[in-house]
Amino acid sequence: MYCAREGRRSLLVDDCEMTPMKIKYTVYVAATLLLASSSAFAAKMAMPTDAPASYDAECASCHIAYPPALLSQQSWKNVMSGLSKHFGTDASVDAKTQTEITGWLVKNATTRQKYSETAPDNRITKTAWFIRKHDEVRSDVWKRAGIKSASNCGACHIDAAKGNFSENKIQIPAK
């Protein structure tokens, strides 16, 4: 903190008077930094570096390899235990692969309260945070040929495969 008295920087609050204006400014700066760091986390969820090759081979062959931090441990367990009926497709894998992928997803599942709910119907797109982040998207937009469904993150989020879901990196297909 800068202390006008004696023209020096002060490390002790006692050295300078904390006026209501200084307090408000300090609170404003702290809140701004907190909000900025929170939205940065939501926008960027890089894939953990220890992703097993089977995750990319099995899961990303049909859809983007979703960052594990998008769902809770229980949601990932639910998804992985129902692979024979995986959203209308039989996505079954051998027991060893299922154990490997499930263990990795659970280990890297979200630790943030915001994403910790058990996903309704095991769908990321039905979680409260997803709905809140996409509430301005009209239902007809999801049906466009270039998008097809809300689960096709890469259709609009141009860096989704890198785990970047920033609102600054969105291009919504016109058709």
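The values are calculated or read from the model by the stated rules, or taken from the named source; none is laboratory data. Computed from a prediction, not measured in an experiment: that's the story for all the values here. We place every Cβ from the backbone using ideal geometry, glycine too, and count neighbours over all the protein chains shown. What goes into the accessible areas is simple: the full protein's heavy atoms, side chains included, and nothing from ligands, DNA or RNA. Shrake-Rupley method; radii C 1.70, N 1.55, O 1.52, S 1.80 Å.
Among the residues of segment 163-174, is any part of a helix (DSSP H, G or I) and crowded, with 16+ Cβ neighbours inside 10 Å?
no
Hey, any hits in segment 115-125 for a residue that's farther than 27 Å from Cys156 by Cβ, surrounded by 13 or more Cβ atoms within 10 Å (Cβ to Cβ) and not aromatic (Phe, Trp, Tyr)?
no
Would you mind stating whether Thr89 is out of contact with any Ser or Thr (no Cβ under 8 Å at 6 or more places or on another chain), open to solvent by 70 Å² or more (accessible area, probe 1.4 Å) and modelled with pLDDT under 95?
Values: out of contact with any Ser or Thr (no Cβ under 8 Å at 6 or more places or on another chain): yes; open to solvent by 70 Å² or more (accessible area, probe 1.4 Å): yes; modelled with pLDDT under 95: yes.
For Thr89, the condition - out of contact with any Ser or Thr (no Cβ under 8 Å at 6 or more places or on another chain), open to solvent by 70 Å² or more (accessible area, probe 1.4 Å) and modelled with pLDDT under 95 - is met.
Pick out the one residue from Asn152, Asn122, Asn168 that is closer than 15 Å to Ile64 by Cβ and either of a type outside the set (A, V, I, L, M, F, W, C) or in contact with a Cys (Cβ under 8 Å, 6 or more places away or on another chain) (or both).
It is Asn152.
Does at least one position in segment 98-107 carry a residue that is without any contact (Cβ under 8 Å) to a residue 60 or more places away in the chain, among the charged types (D, E, K, R) and closer than 17 Å to Ala53 by Cβ?
Just the residues of segment 98-107 that are without any contact (Cβ under 8 Å) to a residue 60 or more places away in the chain, to begin with: 98-107.
Then drop every residue that is not among the charged types (D, E, K, R), which leaves 100, 107.
Narrowing further to those that are closer than 17 Å to Ala53 by Cβ: 100, 107.
Within segment 98-107 (the criterion being without any contact (Cβ under 8 Å) to a residue 60 or more places away in the chain, among the charged types (D, E, K, R) and closer than 17 Å to Ala53 by Cβ), the answer is yes, since at least one residue qualifies.
Give me the pairs, please: first residue somewhere in segment 161-175 and at positive phi, second residue anywhere and modelled with pLDDT of 85 or more and of a type outside the set (Val, Ile, Thr), beta-carbon distance under 6 Å, and either six or more positions apart or on two chains.
Final answer for the pair search is Gly163/Pro67.
Of all residues being hydroxyl-bearing (Ser, Thr, Tyr) and more than 20 Å from the chain's Cα centre (by Cα) in segment 89-105, which is nearest to Ser72 (Cα to Cα)? Just the residue, please.
Filtering segment 89-105 for residues hydroxyl-bearing (Ser, Thr, Tyr) gives 89, 92, 97, 99, 102.
Then drop every residue that is not more than 20 Å from the chain's Cα centre (by Cα), which leaves 89, 92, 97, 99.
Details: Thr89: 22, Ser92: 21, Thr97: 20, Thr99: 17 Å.
Filtering first and then ranking leaves Thr99.
Which one is farthest from Thr118 (Cα to Cα), of the residues in segment 79-88 that are over 19 Å from the mean Cα position of the chain (by Cα) and in a helix (DSSP H, G or I)?
The selected residue is Ser84.
Would you please list the contacts, defined by Cβ atoms under 8 Å and residues six or more apart or on different chains, that run from a residue in segment 128-156 that is in contact (Cβ under 8 Å) with a residue 40 or more places away in the chain and open to solvent by 30 Å² or more (accessible area, probe 1.4 Å) to a residue that is hydrophobic (A, V, I, L, M, F, W, C) and not in a loop (DSSP other than H, G, I, E, B)?
Pairs that qualify, where the first residue is in contact (Cβ under 8 Å) with a residue 40 or more places away in the chain and open to solvent by 30 Å² or more (accessible area, probe 1.4 Å) and the partner is hydrophobic (A, V, I, L, M, F, W, C) and not in a loop (DSSP other than H, G, I, E, B), are Lys133/Ala42; Ser151/Ile124; Gly154/Ala160; Gly154/Ala161.
Kindly indicate the residue of segment 92-114 that is more than 19 Å from Asp56 (Cα to Cα) and part of a helix (DSSP H, G or I) and also most open to solvent (accessible area, probe 1.4 Å) among those meeting that condition.
In this case the residue turns out to be Gln113.
Can you name the residue in segment 47-73 that is under 20 Å from Arg123 (Cα atoms), out of contact with any Ser or Thr (no Cβ under 8 Å at 6 or more places or on another chain) and part of a loop (DSSP other than H, G, I, E, B) and is also least open to solvent (accessible area, probe 1.4 Å) among such residues?
Of everything passing the filter in segment 47-73, Pro67 is least open to solvent (accessible area, probe 1.4 Å).
Looking at Trp142, Trp104 in this structure, which one is within 22 Å of Phe165 (Cα to Cα) and at pLDDT 95 or above?
Trp104
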